[in-house]
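Only the coordinates and a few stated rules stand behind these numbers; no lab work does. Every value quoted in this text rests on a predicted model; they were computed, and no experiment measured them. Reconstructed Cβ throughout: ideal geometry from the backbone, glycine too, with neighbour counts over all protein chains shown.
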């Protein structure tokens, strides 16, 4: 007759505890993944202005992402000559909130496609990480296929979360330049910055720009405010350090997260215009 060896009961108890802890951790990770989009995106449906209010010539554009979601955008300026920049905004507001800064770009000879993510403004659907990546690709395909803009004249710009969108798209398509402003390295790093005591393993490694930026082949411009209390200045530095040449880092002294273009003023608008004009021909 078989006899239980001493310690077998303890071993089984420990195994059950380990399995229970592993399952619990897995459930937490899955739950956080499901809740991530709710915490990351803060969409608005209201467009408080139009390009006409700023005297900007524009075209109202509707395009479709690969999964069928209808997307709204404004094409500002002329796309037949010069650089055409796809603009990916942050996690809140709408494209109407970006018109003031874009007016300065158009006056400097850039054409800008202001892209509205799914779930924002007049675009359909609901914002998710994979969804906004599809939206970015739809914007690129609109410029390349519908408007026949060559890759040598297509640039990408992303502010804050839009920086992650621009970087992800830049790993999949050919463009003439990528500029990111107030961009973070990853959601996991942002969680560590806000909640340093929280175990990183429980945070999905979403919007992992740090893991992607080295794959970019286009010239990269990284801009960050020195007083950014939302995305630490150090994260912009780390993104820049991980990227390959050619690249440039521009610190905007005294700028916070959302006022880089205001603090940088004309000099910043000149910098962006020259970056895309020099690289996009």
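Stretching the chain fully between residue 229 and residue 194 yields a gain of 11.6 nm (0.36 nm per residue, less the alpha carbon separation). Distance between the pseudo-spin-label points of residue 92 and residue 253 (7 Å out from Cα toward the beta carbon): 2.9 nm. Pairs of Cα atoms nearer than 8 Å and 6+ residues apart set the relative contact order; for region 75-131 it is 40 percent. Ranked for footprinting exposure by Cβ neighbours inside 10 Å, fewest first, 126, 247 give 126, 247. Figure legend: label point modelled 7 angstrom from the Cα of residue 147 along Cα→Cβ; residues of region 171-189 with amide N under 18 Å from it are 173-179. If R0 is taken as 22 Å, the Cβ-Cβ distance between residue 217 and residue 137 corresponds to a FRET efficiency of 0.80. With a Förster radius of 30 Å applied to the beta-carbon distance between residue 242 and residue 67, the computed FRET efficiency rounds to 0.50.
Annotation: the antiparallel percentage among DSSP beta bridges lying fully within region 41-279 is about 30.
Distance between the pseudo-spin-label points of residue 122 and residue 44 (7 Å out from Cα toward the beta carbon): 1.7 nm. Taking other C-beta atoms within 10 Å as the exposure proxy, 115, 84 rank 84, 115 from fewest upward. Counting 0.36 nm for each residue step from residue 205 to residue 281 and taking away their Cα separation leaves a gain of 23.8 nm.
Diffusion of region 103-254 by Stokes-Einstein, at 4 °C in a medium of 1.567 mPa s and with Rh set to the Kirkwood radius over alpha-carbon pairs, works out to 80 µm²/s. Please work out whether region 77-158 counts as rounded, prolate or oblate from its C-alpha gyration tensor, where a ≥ b ≥ c are the square roots of the eigenvalues and a/c under 1.5 means rounded, while otherwise a/b larger than b/c means prolate and anything else oblate? Oblate. In plain terms, the chain from residue 53 to residue 130 could stretch by 24.4 nm, reckoned as 0.36 nm per residue minus the Cα-Cα distance.
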